[in-house]
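Please read the structure below before turning to the comments.
Read-outs: derived from the displayed coordinates by stated rules, not from any lab. Only a predicted model underlies this, so the values are computations on that prediction, with no experimental measurement involved. We place every Cβ from the backbone using ideal geometry, glycine too, and count neighbours over all the protein chains shown.
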Amino acid sequence: MDDRVGGNPVTWDETQEFKQCVQVCGLEEIPAEGTKFTWSNKQGPGRRIFSKIDRALANIEWFNEMDTKVHIKVEGLSDHSPLLIKNCSMKSNFSFKFCDMWTLDPSFPKIVKENWSKEVQGRYMYKLVTYLKEIKGQLRQLNKDKFSNIFLQCNVLREELQQTQEAIKNNMDSIALITKERDLIRELNWKMKAARLLKFQQIKQEWVLEGDKDSRLFHAWIKKRRLKNYINTIKNSKGQIVEGNEKVAQVMVEYYQDLLGNTKITDNINIDILAEGKVLTVEQQLKLLAPIHPEEVKKYVFSIPNSKSPGPDGFSSGFFKHQWRVVGETVTKAVLDFFQDGVTLQQINATNICLIPKVDSPESPKDFRPIDCCNVVYKVISKIICSRLKDVLAHLINPNQSAFIEG
């Protein structure tokens, strides 16, 4: 309903017939970049109207076969803006990401246990980082051997099962065919469960687990979302449009360096003035300094949903939950070490900054919302600190600023 500026706003009745037609035809809008509006009435001040009238639509087959985005150009002499469909070769990201489906394989617990049984010298945080680094290679190999092209594997097994069942109709007493049918059903159920877990991780929607959805539709939906989030062109600080991965990355880095990288000279904190305000009681101070219990660490690890995006190390909370009996002691002692000496490793402290479009057709860096994707151990440490602070904030914060207090 925000597709028009000036004039009367777009109403629900105006759009429904077109939306229904698009839905019946099985079409989806191709992700767009550039200016948002595609039409102007070219009137003078106070009467000018901009509207998004023109859209590029495609079916499932298009999204499965083509990597394209629509570039909306300035209208020029016409009332309508030209829509330019461009090939968009998305740069593949081969960084490690833990997949929940790996936990279904019988060899997975053995891989974890063997790695965790290796002797590593150093603090527990260093041990944890080392174990996680060493296990990645074996998990990649497991994925290659058992889960590569999991959706294709399901289709092949399904077709083989149907052929076997047709053969049984002509030879109902064949023990070999009946045994093969049972084996195929068991393997297909296993592969389908793995595929559903992967779908759930990829789109983070629980409805995927309710049934075996159309794989073509699913892949088209995934590709459309990736294309929408893919930044192929951007305006730099001079208003010039730049294109290509390296140039776009440079514009983004310069924008955030200018926004966050400048150091400002600040006055020293006056402790005497702080002492005039509210301060913590001795009891509250002791509560903040109370030792961290191992159960707290486990509680906050298990409070993180598996679907939450992992940090730079690629391990989601699902890995730690599934193998807590093996990895729990190392994780717990790594967290306790931090609260003991206040030291953390760069590998734990590292964070991925991801840019999420705030508008349908982002043009400049300000049209993206940055979010931090932190490692699980970092999240757990943060949650413990926040839980301790939450108990004393109400005592320190003025009632006029109660919006900062939960509840």
Which residues' amide hydrogens lie under 5 Å from the amide hydrogen of LYS69, considering only partners 5 or more residues apart or on another chain, with H built in the peptide plane? LYS86, CYS88
Scaled to the compact-protein estimate 2.2 N^0.38 Å, what is the alpha-carbon radius of gyration of region 323-382, rounded to two decimal places? 1.60
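Enter the mean projected area of the convex hull around the alpha-carbon atoms of region 265-396, in nm², rounded to one decimal.
Details: hull surface 48.2 nm².
Quarter of the Cα hull surface area: 12.1 nm².
What is the magnitude of the charge dipole of the chain about its Cα centre, with +1 placed on the Cβ of each Lys and Arg, -1 on the Cβ of each Asp and Glu, and no other charges, expressed in debye to the nearest 20?
Working: 59 positive and 51 negative charges, 92 e Å.
Around 440 debye, computed over the chain.
Pairs of Cα atoms under 8 Å, at least six residues apart: use those to get the relative contact order of region 104-209, whole percent. If you can, show how the numbers build up before the last one.
Values: 44 pairs, mean separation 24.5, N = 106.
Normalised by residue count, the contact order of region 104-209 is 23 percent.
Return THR233, THR266 ranked ascending by Cβ neighbour count within 10 Å, so the fewest neighbours appear first.
On the way: THR233 19, THR266 6.
Ascending Cβ contact count within 10 Å gives the list THR266, THR233.
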Potential lengthening between ARG226 and ILE269 on full extension [0.36 nm per residue; Cα-Cα distance subtracted]: 10.8 nm
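Show me 52-64, 173-185 ranked by packing, highest mean number of other Cβ atoms within 10 Å first.
On the way: 52-64: 16.2, 173-185: 13.0.
My ranking of the peptides, most packed first, is 52-64, 173-185.
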I need the calculated FRET efficiency for the pair ALA249 and ALA176, taking r as the beta carbon distance and R₀ as 56 Å, to the nearest 0.05. 0.45
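Taking the convex hull of the Cα atoms, report for region 4-87 its projected area averaged over all directions, in nm². Mind dumping the intermediate values first?
Numbers: hull surface 25.0 nm².
Projected over every direction and averaged, the Cα hull of region 4-87 covers 6.3 nm².
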Length gained if LEU393 through GLN257 is fully extended, taking 0.36 nm per residue and subtracting the Cα-Cα distance, is 45.7 nm
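Neighbour counts of other C-beta atoms within 10 Å: give me LEU274, LEU27, LEU197 arranged from fewest to most. Can you show the working numbers first?
Numbers: LEU274 10, LEU27 16, LEU197 22.
The order, fewest Cβ neighbours first, is LEU274, LEU27, LEU197.
Given just the C-alpha atoms of region 106-157, how large is their convex hull per residue in cubic angstrom?
Working: hull volume 3.9 nm³, N = 52.
Each residue corresponds to 75 Å³ of Cα convex hull volume.
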Given q = 0.14 Å⁻¹, what are the Debye log10 I(q)/I(0) values for the chain, with equal point scatterers placed on the Cα positions and solvent ignored? -1.34
Relative contact order for region 268-381: what percent, with Cα pairs under 8 Å and sequence separation of 6 or more? 28 percent
Between LYS278 and GLN20, what length comes free when the chain is fully extended (0.36 nm per residue of separation minus the Cα-Cα distance, one decimal in nm)? 86.8 nm
Label region 86-200 by shape, choosing from rounded, prolate and oblate, from the square roots a ≥ b ≥ c of the eigenvalues of the Cα gyration tensor; if a/c is under 1.5 it is rounded, and otherwise prolate applies when a/b is larger than b/c, oblate when it is not. oblate
Cα lying deepest toward the dipole's positive end in region 4-87, options CYS25, ALA58, GLY6, charges on Cβ: GLY6
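Percentage of Cα-Cα pair distances in region 46-105 greater than 14 Å, rounded to whole percent? Each step should come with its number before you reach the end.
Working: 1287 of 1770 pairs.
In whole percent, the long-distance tail amounts to 73.
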Among region 138-154, those whose backbone N falls under 16 Å of a label point 7 Å along Cα→Cβ from ASN189 are none
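If you take every residue apart from VAL335 with its C-beta less than 14 Å away from the C-beta of VAL335, what net charge results, scoring Lys and Arg +1 and Asp and Glu -1?
Values: positive: ARG123, LYS127, LYS298, LYS299, LYS333, LYS379, LYS383, ARG388; negative: GLU295, GLU296, GLU329, ASP337, ASP341.
With Lys, Arg at +1 and Asp, Glu at -1, the net is +3.
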Could you pull out which residues in region 340-382 have an amide N less than 19 Å from a spot 7 Å beyond the Cα of ARG123, following the Cα-Cβ vector? 340-351, 375-382
Distance check, please: which entries in LYS235/LYS358; LYS118/LYS193; LYS113/LYS379; LYS86/LYS358 exceed 27 angstrom between their Cα atoms? LYS118/LYS193
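Within the chain, which whole H helices from DSSP have a Cα span along their axis of at least 20 Å and a mean Kyte-Doolittle hydropathy of 0.0 or more, if any?
Values: long enough: 124-142 (27 Å, -0.31); 150-170 (31 Å, -0.42); 175-203 (42 Å, -0.16); 215-229 (21 Å, -1.13); 245-260 (22 Å, -0.22); 324-341 (25 Å, 0.16); 376-396 (30 Å, 0.96).
Flagged H segments are 324-341, 376-396.
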